[in-house]
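These notes are about the structure you will find just below.
The values are calculated or read from the model by the stated rules, or taken from the named source; none is laboratory data. Keep in mind that what you see is a predicted model, and the values were worked out from it rather than measured. Heavy atoms of the whole protein, side chains included, go into the accessibility calculation; ligands, DNA and RNA do not. Shrake-Rupley method; radii C 1.70, N 1.55, O 1.52, S 1.80 Å.
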Amino acid sequence: MPSTRTVVLAGITAAVSTATLTLSAHAGTPTPHGQAPARCAYPSDVLDLTNWKLTLPTGEDEDPTEITQPELATFSADPWFRADTGCEAVGFRAAVNGVTTGGSRYPRAELREMTDGGEDEAAWSTTDGTHTLVVREAFTALPAERPWLVGAQVHGGDDDVTVFRLEGSSLYVTDGDDRHHHLVTDDYELGTEFEAKFVARDGEIDAYYNGRLQTTISHDGDTNYFKAGAYTQANCDNSEPCADDNYGEVRISRIKVTHS
């Protein structure tokens, strides 16, 4: 016999069969009868990817797939880079067995900042102007054994300058090779959306979490650029199984870069 639960609707209490009860995540805005939920063909329908290029954990050894504009505007690659069915966010996934770049041991499904409509790679100075990245994101999966994942970066030259990095339930802002430079929270729950922001100016980079300044990092360089997505900090040498279903994943619902 189906179980029942008590539901209160407009002050009326009724017993409803749980066998037939369906509650929408957006109960206040029901989908009209006969109309399918919103669907997006490409991630660019959700995020403005005009000045970005994409690196995927696919391709040849040390030569991962890169997608630039204008191809990126009409590109998706399930499950590594895809819009969700509700057109609310884009999922980035990198499995531990993924292809890596020549300068890293770890796989990524990640955007790299570009300029001029995606034609040229961005490279800006922390001592000239103000450079801001705002990312609304959630970590949604971590690799086994080594549950470490990067979701947003300031990169300079050949190495990262500072990143938002999740290790288990502990979220950090790094400073160069100091991966535990600043603890943002030690009880992060997968799926929790937050706003990460970097503001670079006057030889410093301010890192914000949900609008609150977390730390300030000194950095003087003129080859900087922003990155965002899933940069999994694990591979087949330190995480099992060595398979597509062992991965790091990030969901991004908003991304914005400004330079002034």
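Just read off the accessible area of D244 with the full protein assembly in place, 1.4 Å probe, to the nearest 10 Å².
90
Which percent of the Cα-Cα distances in region 210-257 go past 17 Å?
62
Once the convex hull of the C-alpha atoms of the chain is built, how many Å³ does it hold per residue, rounded to a whole number?
177
Using Cα-Cα distances under 8 Å and only pairs 6 or more residues apart, what relative contact order does region 43-259 have, in percent?
Rounded, it is 28 percent for region 43-259.
Heavy atoms only, probe 1.4 Å: what % of the accessible area of the chain goes to carbon and sulfur, would you let me know? Before the final figure, lay out each step's value.
On the way: 5840 of 13140 Å².
Summing carbon and sulfur atoms, their accessible area is 44 percent of the total for the chain.
Sorted by accessible area with a 1.4 angstrom probe, largest first, how do D159, D187, D84 fall? Intermediate results must be reported in sequence, preceding the final value.
Values: D159 75, D187 105, D84 45 Å².
Descending order: D187, D159, D84.
Can you tell me the accessible area per residue over region 43-259, all protein chains present, probe 1.4 angstrom, in square angstrom?
It amounts to 43 Å² per residue over region 43-259.
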